[in-house]
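The values are calculated or read from the model by the stated rules, or taken from the named source; none is laboratory data. The structure displayed is predicted, hence computed values, not measured ones. Positions of Cβ are generated from backbone atoms using ideal geometry, with glycine treated the same way; all protein chains shown enter the neighbour counts. Surface areas here come from the heavy atoms of the whole protein model, side chains and all, with no ligands, DNA or RNA. Shrake-Rupley method; radii C 1.70, N 1.55, O 1.52, S 1.80 Å.
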Amino acid sequence: MILRKKLIAGNWKMNKTSADSVTLVKEIAQQIGRQTEVDVLVCPPATALESVGRTLEGANIKLGAQNMHFEASGAFTGEISAPMLRDLFVTHVILGHSERRALFGEDDQLINQKVLSALKTELRPVLCVGESLEEREAGDTLKVVQTQLEAGLAGVSNEQAASVILAYEPVWAIGTGKVATSDQAQEVHAFIRELLTKLFGETIAQKVRILYGGSMKPSNADELLAQTDIDGGLIGGAALEARSFVDLVKAAAKS
Ligand code: 13P
């Protein structure tokens, strides 16, 4: 069995100025030191990418963006492209977050264009999938996840698939304090890995990391991270303070 290195990723969403971001990331870097057991990723708002990137020079923490446009340049007012992110030493980009889907009308086809563009530009997409409460209650969880995953990864080659990171984020668990039980999460993660096996073969499916996201915090992380197919977390609220974020990195290190 392939051992997947755990990944703890912070999605700061629309929080923190550039100066506040630097303060936070300095604290995080100081507290986690030079550990290499867990991969650590921070995704500050776009306005803080440059300053955070500079602060992280030499640190073992990766830099991610929260969104991007699929075109490299052009008349797209307000948008940021993959080459622009690369220019700031960004290595990862969150795509298809449920907030982008629900509040900004992003559909699977658009998200797929972004995934392909990110991969072409050598950015690692963190592709988010997850069902709403209504969909879960209707028994549609796996169907929804399958549709989002297959559409989001359409046209991705086997070689490219190895650098994709997935995040299962049940919408009803995001920012609500209502975390999925470890059984609920593991069921969907295992299902995602099965789908990956069908799409890209066993070897790649065993390599791809699937993060859980939705009210993950130090008090509930151990159980989630102990599940076979949960390879880390995509953290919102608990990533906004060094202490809780670092505790999550520590939880991942001992899981
Ligand atoms: P919370 O951890 O605040 O629930 O947010 C999860 C999330 O949306 C991460 O992308």
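Using 7 Å Cα-to-Cβ label points, what is the Asn15/Arg34 separation (nm, one decimal)?
3.1 nm
What does the helix-only formula give at 222 nm for the chain: each DSSP H stretch with n ≥ 4 adding -39500 (n - 2.57), the total divided by the residues, and the result rounded to the nearest 500 deg cm²/dmol?
Here the helix-only value at 222 nm equals -13000 deg cm²/dmol.
May I ask you to give the solvent-accessible area per residue for the range 174-233, in square angstrom, as obtained with a 1.4 angstrom probe?
In whole numbers, the range 174-233 has 41 Å² accessible per residue.
Write down Rg/Rh for the range 11-76, rounded to two decimals, with Rg from the C-alpha atoms and Rh from the Kirkwood relation over Cα pairs.
1.03
Classify the range 62-112 from the C-alpha gyration tensor, please: rounded if a/c falls under 1.5, else prolate or oblate depending on whether a/b exceeds b/c.
Here the range 62-112 falls in the oblate category.
Stick to the Cα atoms of the chain, pair each with every other, and give me the Kirkwood hydrodynamic radius in Å at one decimal.
One decimal place: 18.0 Å for the Kirkwood radius.
For Cα pairs less than 8 Å apart in space and 6+ apart in sequence, what is the mean separation divided by the residue count of the range 1-100, i.e. the relative contact order in percent?
26 percent
Got a sec to turn the phi values of the range 238-250 into Karplus ³J(HN,Hα) couplings, 6.51 cos²θ - 1.76 cosθ + 1.60 with θ = phi - 60°, whole Hz, x for Gly and Pro?
These are the phi-based 3J(HN,Hα) values: 6, 8, 8, 10, 4, 4, 5, 5, 5, 4, 5, 4, 5 Hz.
Quick one: Kirkwood hydrodynamic radius for the range 195-250, alpha-carbon pairs, angstrom, one decimal?
It is 12.3 Å.
Over the residues of the range 107-255, compute the C-alpha Rg and express it relative to 2.2 N^0.38 Å.
1.01
Report relative contact order for the range 181-255 in percent, whole number only (criteria: Cα-Cα under 8 Å, sequence separation at least 6).
Once normalised by length, the contact order is 31 percent.
Can you tell me the accessible area per residue over the range 1-129, all protein chains present, probe 1.4 angstrom, in square angstrom?
For the range 1-129, the solvent-accessible area averages 50 Å² per residue.
Using alpha-carbon pairs under 8 Å, 6+ residues apart, how would you state the relative contact order of the chain in percent?
This gives 22 percent for the chain.
At a 1.4 Å probe radius, carbon and sulfur cover how many percent of the accessible area of the chain?
51 percent
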